[in-house]
2 protein chains.
Amino acid sequence: MITLTSAEENYLKAIYHLSDGGKKGVSTNDVSAEMKTKPASVSDMLRKLGEKEVIEYRKYYGLHITEEGKKMALQTIRKHRIWEVFLVQKLKFSWDEVHEVADALSHVKSKSLIQRLDEYLGYPKFDPHGDPIPDEFGDVRVRPRLPLNEIELGSTGQIVAVKDSSPAFLRYLDKVGAYIGARIKVIDKTEFDGSVEILVDNKKSIFMSKDVAGNILVMV
Amino acid sequence: MITLTSAEENYLKAIYHLSDGGKKGVSTNDVSAEMKTKPASVSDMLRKLGEKEVIEYRKYYGLHITEEGKKMALQTIRKHRIWEVFLVQKLKFSWDEVHEVADALSHVKSKSLIQRLDEYLGYPKFDPHGDPIPDEFGDVRVRPRLPLNEIELGSTGQIVAVKDSSPAFLRYLDKVGAYIGARIKVIDKTEFDGSVEILVDNKKSIFMSKDVAGNILVMV
DNA sequence: TATTATTTTTAGACTTATCTAAATCGCTAA
DNA sequence: TTAGCGATTTAGATAAGTCTAAAAATAATA
Ligand SMILES: [Mn+2]
Ligand SMILES: [Mn+2]
Ligand SMILES: [Mn+2]
Ligand SMILES: [Mn+2]
């Protein structure tokens, strides 16, 4: 049975995201940028993760996550997202405050803690940012979703997730009144700059830049 | 502002308990036994805690906890006990399973997490083992309480806490039907071996050895 | 009080995770 | 085809927390 330290779990989770769920190879510098640690530290960590066979690592050529690595990354992601649900739903944190705390909580080692928490929360399928929560086997419920700026003029849909979970972006969405679950309709699109205007819940109209719209994911 | 690592917090908490809340001095070996680490490791840690002035440490002569140290220990204890309440009340852990997990959770660094959790739980005053939860200023609600074996024959009272929180002891209490909050009456005492017999909630009679009775705390 | 026993500390080693500085590799542009 | 640049790894250092073995200090006992 492979066990990972908290640091190893964090690196593996970052690698899973960078590799787009295992589809792409990842470089040392990619990981360095994501983890905000120096490339030298990353090299050392990649060697360790390679020895534990959660990644396939070739010196100077980057890495690929293994099937075992994917499984473990998904379990870490599962814990992280379940804790985020708890913090927002039960403790009334706002969705821009939970990432760091959930990270710390997700490293607490206990067989039953996450099962019981999951049960307590009613087996949530998505986290506060709309990201799917893998089940205990690592299976993920995929929802087809598109960036808001790619939705056709006149179409309706529902905001289901955000690509950017940074506090700055999330607080901006709070300010303008966009939220996960909102029903939207695209009422104007400007080709020139890619900006869009949407109607939220048939009430409020919001104008947003292409940049913002590209980070909002919609299910049509 | 003094900050402690998780290990330092754990040592300081142990020291607080060993010193009976600051009343007694504590030796290196005491701490070693409590923490299950070697005396050599303890010496090193005591030096660090001394430098941070949470204890007053004289080589070869043991230590005394300082006022600042007491405050910090009480905050760690507060977090630990609040998490224990959460695990038992909300996640349905049994009271013999929560200590380790609560320990890990209590080291998560976040200004607001414990405040919000405390609020969510309705500001509990006691943990699942009947131990008082210090408030955010470190103030503790003291309840006068006596070991069950020191209660007079014929007296009534209420079980309010346990001295021994080991899983083995707690599971034994579960088995015989003793629990925090139970109304009891001492219906027999044997001078010879110190054993007692009690009536729980005017229904069930329980016979217990002096050893067991001495670890049950009663408010008369 | 002198010797022995116990307690405590020091010295040196190991592990994990990080850094800086220096060396090395691989790719690309001349 | 090779010089040079950027990416990557290696080497060596640091910090925290632990250990074992040995030294030193204190306490107990004869
Ligand atoms: Mn997150
Ligand atoms: Mn999230
Ligand atoms: Mn406890
Ligand atoms: Mn407790």
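To the nearest 0.05, what FRET efficiency results for B:Asp188 and B:Ala168 with a Förster distance of 25 Å applied to their C-beta separation?
Using R0 = 25 Å, I get an efficiency of 0.50.
Filter the GluC sites (Glu not before Pro) in segment A:18-70 to those in DSSP coil with at most 13 other Cβ atoms within 10 Å of their Cβ, and list the result. Intermediate values should be presented prior to the final figure.
Details: sites: A:Glu34, A:Glu51, A:Glu53, A:Glu56, A:Glu67, A:Glu68; in loops: A:Glu53.
Loop-located and lightly packed - A:Glu53.
To the nearest Å, what is the center-to-center distance of segment B:163-220 and segment B:50-113, using C-alpha atoms only?
Cα centroid of segment B:163-220 versus Cα centroid of segment B:50-113: 28 Å apart.
From the convex hull of the Cα coordinates of segment A:25-99, what is the mean projected area in square nanometres?
Computing the convex hull of the Cα atoms and averaging its projections yields 5.7 nm².
Calculate how steeply helix A:167-176 sits against the longest principal axis of the alpha-carbon atoms of chain A, using the helix alpha-carbon long axis, and give the answer as 0 to 90 degrees to the nearest 10.
Compared with the principal axis, the helix lies near 20 degrees.
May I have the convex hull volume per residue, in Å³, for the Cα set of segment B:76-180?
Values: hull volume 11.5 nm³, N = 105.
Spread over its residues, the Cα hull of segment B:76-180 gives 109 Å³ apiece.
Compute the longest continuous run of chain B that contains no exposed chymotrypsin sites (Phe, Trp or Tyr not before Pro); treat a site as exposed when its DSSP state is not H, G, I, E or B and it has at most 13 other Cβ atoms within 10 Å. Please list the in-between numbers first.
Values: sites that count: B:Tyr60, B:Tyr61, B:Phe137, B:Phe192.
Free of exposed loop sites, the longest segment is B:62-136.
Translational D (Stokes-Einstein, µm²/s) of segment A:146-219 at 37 °C and 0.692 mPa s when Rh comes from the Kirkwood sum over C-alpha pairs? If you can, show how the numbers build up before the last one.
Numbers: Rh = 11.9 Å.
In µm²/s, the coefficient is 277.
Tell me what the protein assembly as shown gives for mean residue ellipticity at 222 nm when only DSSP H runs of n ≥ 4 count, each as -39,500 (n - 2.57), the sum divided by the residue total, rounded to 500 deg cm²/dmol. Show your work: numbers first, answer last.
Values: 16 runs with 176 residues, N = 440.
Estimated from H runs of four or more residues: -12000 deg cm²/dmol.
Segment B:6-65: Rg/Rh from Cα coordinates, Kirkwood Rh?
Taking Rh as the inverse mean 1/r over Cα pairs, Rg/Rh reads 0.90.
How much net charge surrounds B:Ala73 when only the other residues with a Cβ under 10 Å from the Cβ of B:Ala73 are counted, with Lys and Arg +1 and Asp and Glu -1?
Values: positive: B:Lys13, B:Lys70, B:Lys71, B:Arg78; negative: B:Glu9, B:Glu68.
Value of the local net charge: +2.
Near A:Ser195, within a Cβ-to-Cβ distance under 10 Å, what is the net charge of the other residues, with Lys and Arg +1 and Asp and Glu -1? Before the final figure, lay out each step's value.
Working: positive: A:Lys189, A:Lys210; negative: A:Asp188, A:Glu191, A:Asp193, A:Glu197, A:Asp211.
With Lys, Arg at +1 and Asp, Glu at -1, the neighbours total -3.
With the convex hull built on the Cα atoms of chain B, state its orientation-averaged projected area in nm². Walk me through the intermediate numbers first.
Numbers: hull surface 53.0 nm².
Value for chain B: 13.3 nm².
Write out the trypsin sites (Lys or Arg not before Pro) in segment A:156-220 meeting two conditions: DSSP loop, and at most 11 other Cβ atoms within 10 Å of their Cβ.
For trypsin sites (Lys or Arg not before Pro) across segment A:156-220 that sit outside H, G, I, E and B with at most 11 neighbouring Cβ atoms in 10 Å, the list reads A:Lys203.
Hey, how much of the P(r) for the protein assembly as shown falls beyond 37 Å, as a percent of Cα pairs?
It works out to 43 percent of all Cα pairs.
Under a Cβ-Cβ cut-off of 15 Å, what is the net charge of the residues other than A:Val218 that fall near it, where Lys and Arg count +1 and Asp and Glu count -1?
Details: positive: A:Arg143, A:Arg145, A:Lys163, A:Arg183, A:Lys185, A:Lys189, A:Lys210; negative: A:Asp131, A:Glu150, A:Glu152, A:Asp164, A:Glu197, A:Asp201.
Local charge sum for A:Val218: +1.
Between A:Ile2 and B:Ser205, how high is the FRET efficiency from 1/(1 + (r/R0)^6) when r is the Cβ-Cβ distance and R₀ = 60 Å? Nearest 0.05.
Given R0 = 60 Å and the Cβ-Cβ separation, E is 0.70.
Send over the per residue convex hull volume for segment B:82-142, Cα only, as a whole number of Å³.
80
Please give me, ordered by residue number, the trypsin sites (Lys or Arg not before Pro) of segment B:47-122 that lie in loop per DSSP and have at most 12 other Cβ atoms within 10 Å.
Qualifying residues, ordered by number: B:Lys59, B:Lys92, B:Lys109.
Read the figures in this text as sums done on the coordinates, not as results from a lab. Predicted model only: the values in this text are computed from it and were never measured. All Cβ positions, glycine included, derive from the backbone under ideal geometry; neighbour counts span all protein chains shown.
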